[in-house]
Structures are given as structure tokens and as C-alpha cells.
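Asks: Take this structure first; my questions come after.
The values are calculated or read from the model by the stated rules, or taken from the named source; none is laboratory data. None of the values given here were measured: they were computed from a predicted structure. All Cβ positions, even for glycine, are placed from backbone atoms using ideal geometry, and neighbour counts span all protein chains on display. The area values use the complete protein model at the heavy-atom level, side chains included, leaving out ligands, DNA and RNA. Shrake-Rupley method; radii C 1.70, N 1.55, O 1.52, S 1.80 Å.
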Amino acid sequence: MDCDAFYASVEKRDNPDLADKPVIIGGGRRGVVSTACYIARIKGVRSAMPMFKALKLCPDAVVVRPRMQAYVEVSRQVRALMEELTPAIEPLSLDEAFLDLTGTERLHHAPPALMLARLVRRMETELGISGSIGLSHNKFLAKIASDLDKPRGFSIIGKAETLDFLAPQPIRLIWGVGQAGQAALENAGIRTFADLRRWEVNDLTHRFGSLGERLYHLARGEDYRRVHRNAPVKSISNETTFHDDTADTDLLDGHIWRLAEKASDRAKAKGLAGRTITLKLKRADFKLITRRTTLREPTQIADRIYRTARELFDQLGKNGPYRLIGVGLSDLTPAIEADLSGDLLDPQATRRAEAERASDKIRARFGPDAIVKGRALR
């Protein structure tokens, strides 16, 4: 189940005056689009697009700053509705999750398709938001199905029809294969699943490495991953793909801060901290650049994550323009082990950490927009 334009849907629900208007969730004119409703998407607005460009495409859009606490609360309410169907739920984000409905027909006296239809109907009537359903016999196909007919989509890919359905589909539907991977496949003459199915597993592995075996199975609609309710968190990361490649240092700095803050917020929410900080960049020529460093002790402080990631960025020199940037936190430990001794090379680090925790308390009480750093508006 994948909610439709989740943040924008919550804003329209809470403010009926926005119902028929194009809505963009994001920062000031120098910020970026977090998400956009489908009316704005018709005008060409996309996530991670610079705000000034989005407003040029859709000048009558209403821009709303994100209210993460509100979205988290609605996500919890959606999760509660899911829990009534099955305990086997694997969230992918606040607005998207896999559900394993195997064996639930006897319990609910109804087939999975009917139960899922009831789920999205209850989401609309009780919570005021819509979602799209993808129903199939594995996670790979369910994910594809959920994107086929958004918004308010309901698509089913049955086991018997899997090969016929996949054959003419473009390989860009493979989750996790970006534009660079797609270009590599197309250079090998692989544009559809039917093209991919003509390759032997050994040839794919020789050409594409470890990805080759995965491609071989996905071409046949095979995915043996289980739905894991409590899969251990190995890393926390966020990334943004730009609508246009950029080498603007100020703009990239703003992204590094926002991504670091998101990683920090998620770590704090899960009671975790990380010792390793990773910066990920993809250049305009699709070359992926990854830099990481390991701290003396784990952290969950956004300021420290940001400053470390920014140092990694500065070490790269002028390698842009870039089309993607990401910040990650790994080598995770319980938060009780985090930020115990501070940074001996930065005497002000402890004071900034205390200020950040004070800001967290204010945001928790008065909302995420109660305090916003200036660099977040870049």
C-alpha cells in the first residue's frame, strides 16, 4: 500500500480550502520540493525540484512548509488500520508498506483483494487520505503494481499472468535500477523484460556483476524476499535527486543540512546513533562518488552529521555538477552510547548539541516549524 501524495493529502485534509488547488510541500524560493499534489504534478512539478523552478511551472501553487509531526501521526493511524488485517507489515517509509496477507482469508472470511479494498476505503472515510494498492505473489511485483494506476489505484498481477504482463514492460520498472543502470542495460540491447529474459544467468553475471543474478530472477517475476515485521535497521540514509544537475555550493550545502537533519530525526525517533557517516553523490555523467568517515564515538546530533558530511564534500573539490546527493548514518548502536565526550577538536560542539536538543523539545511541543535553521532555506 502506497499513500497518494501523502504530505499534500494531509495538508488538503486539514485545510479544505486547498482541496482544488495545486499544493507544493517545501521550503522558501531557494528550497526544494518535498512533495506535490497531483494537480501540481500535472504542471510538471516533481519532488526534489528547486522551488523557484516549481513555481515557474505552477505559479498559482500554494506552498506549505512540511509538518512532520502531523504526517507521523497520520502514518501511525494508517499502520493501526493495517494491523487489523495482518501482523506481517514491513514499512518502507511513513506512507508506504508491504503487507503479507498469506493465511488471513480464514480469519477475515474474505480474500486479500477485498480486505485491501476495505483498507483504502477506511483510509479515505476515517483518515481523509487516499492510497494505491499493488497485490501480487511477491514484493517485487506488488511494488510494481502499486505504481501502475496512481492515485487511488488498485492493480493485481496474478501468478499465472506474470510472464505475459512483464514481457513488454520497460526495464525502468525494476526497483533500484536508476538511470545509469538503465543506460547500461540499454547499451546491452536490453530495453524490456522480454529482452532481459533472453539472457542466460552466467552472461548477465559476467556483464553486470552481482546485479546480473538478481536481474535474471526479476525478469521471470521471481522474488523470494519475505515481509519482515521487525527487520533490524542497519543504516539510516536519505537522498535527493535533482530535477536539473547543479554545482551550486550553497544549494548543495542546504541539501546536506536537510539530509543530515532527516537522518538525525530518524535516529532519535528509533533511539539509535551511528559511528559512520557517508556522503553519496552522483555526477551529471552518472558516476557515483561515495565518501565515508568513522567517528570516535557514535552520534545522532544533526549538527555533527552535517559538519562531517560537509567536510567530506569539501574534500572532493570541484567535481560537479551533481544530479543526486545523499547522507547516511551506519554502524548503528543504542542512543545511550552516543555523544558522550563531545568533539575535543571543536570546543563549541557540546554547546551546539545542547542547543539542538533544546530545539528538539520546542519542535516536539509546538511543531517542526517552530525553529528552522537558516541554512535549511537554501
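Asks: Quick one: dipole size for the stretch 30-153, taken about the Cα centre, charges +1 on Lys/Arg Cβ and -1 on Asp/Glu Cβ, in debye to the nearest 20. Mind dumping the intermediate values first?
Replies: Working: 18 positive and 13 negative charges, 136 e Å.
The calculated dipole for the stretch 30-153 is roughly 660 debye.
Asks: Dipole magnitude of the chain about its Cα centre, charges +1 at Lys/Arg Cβ and -1 at Asp/Glu Cβ only, in debye to the nearest 20?
Replies: Dipole about the Cα centre, nearest 20: 540 debye.
Asks: Would you mind checking the radius of gyration and Dmax of the chain based on alpha-carbon positions, in Å?
Replies: 21.9, 65
Asks: Still on this structure, I have one more. Run the accessible area of the stretch 238-283 with a 1.4 Å probe and give the carbon-and-sulfur part as a rounded percent.
Replies: The nonpolar share, carbon plus sulfur, comes to 41 percent.
Asks: From the phi angles alone, apply the Karplus equation (6.51, -1.76, 1.60; θ = phi - 60°) to the stretch 161-168 and give each ³J(HN,Hα) in whole Hz, x where the residue is Gly or Pro.
Replies: Here the 3J(HN,Hα) series is 9, 4, 5, 5, 5, 6, 3, x Hz.
Asks: Can you list the residues, at least 5 places off or on another chain, whose amide H is less than 5 Å from the amide H of Val64, using H built in the peptide plane?
Replies: Here the answer is Ile24, Ile25, Gly26, since their amide H atoms fall under 5 Å of that of Val64.
Asks: Report, in listed order, any pair from Lys12/Lys150; Lys43/Lys280; Lys234/Lys280; Lys12/Lys139; Lys234/Lys268; Lys143/Lys268 with a Cα-Cα distance greater than 21 Å.
Replies: Working: Lys12/Lys150 18 Å; Lys43/Lys280 30 Å; Lys234/Lys280 17 Å; Lys12/Lys139 30 Å; Lys234/Lys268 15 Å; Lys143/Lys268 29 Å.
Those over the limit are Lys43/Lys280; Lys12/Lys139; Lys143/Lys268.
Asks: Using the Karplus equation 6.51 cos²θ - 1.76 cosθ + 1.60 (θ = phi - 60°), what ³J(HN,Hα) coupling, rounded to whole Hz, does each residue of the stretch 264-277 give in order, writing x for Gly and Pro?
Replies: Listing the rounded values in order: 5, 4, 5, 5, 5, 5, 8, x, 10, 9, x, 8, 10, 10 Hz.
Asks: Also, quick follow-up: Using θ = phi - 60° and the Karplus form 6.51 cos²θ - 1.76 cosθ + 1.60, what ³J(HN,Hα) does each residue of the stretch 322-336 get, whole Hz, x for Gly and Pro?
Replies: Here the 3J(HN,Hα) series is 10, 10, 8, 9, x, 10, x, 10, 9, 6, 7, 9, x, 4, 4 Hz.
Asks: Filter the trypsin sites (Lys or Arg not before Pro) in the stretch 107-168 to those in DSSP coil with at most 15 other Cβ atoms within 10 Å of their Cβ, and list the result.
Replies: Sites meeting the loop and neighbour criteria: Arg152, Lys159.
Asks: Given H placed on each backbone N at 1.01 Å, which residues far from Val33 in sequence or on other chains put an amide H within less than 5 Å of it?
Replies: When sequence neighbours closer than 5 places are left aside, the close amide H contacts are Ala48, Met49, Met51.
Asks: Which residues in the stretch 182-223 have a backbone N closer than 16 Å to a point placed 7 Å from the Cα of Lys234 along the Cα-to-Cβ line?
Replies: 210-211, 214
Asks: Could I ask something else about it? Using a 10 Å Cβ count of at most 14 others and DSSP loop calls, identify the longest part of the chain lacking such GluC sites (Glu not before Pro).
Replies: Maximal segment without exposed cleavage sites: 223-378.
Asks: Ok, one more. Take the alpha carbon atoms of the stretch 111-186, find their radius of gyration, then divide it by 2.2 N^0.38 Å using N residues; give the quotient.
Replies: Working: Rg = 14.6 Å, N = 76, 2.2 N^0.38 = 11.4 Å.
So the stretch 111-186 has a normalised radius of gyration of 1.28.
Asks: Accessible area per residue, 1.4 Å probe, Å², for the chain: what's the number?
Replies: The answer is 52 Å² per residue.
Asks: So how much accessible area does Val10 have, in Å² to the nearest 10, using a 1.4 Å probe?
Replies: Its accessible surface works out to 0 Å², give or take rounding.
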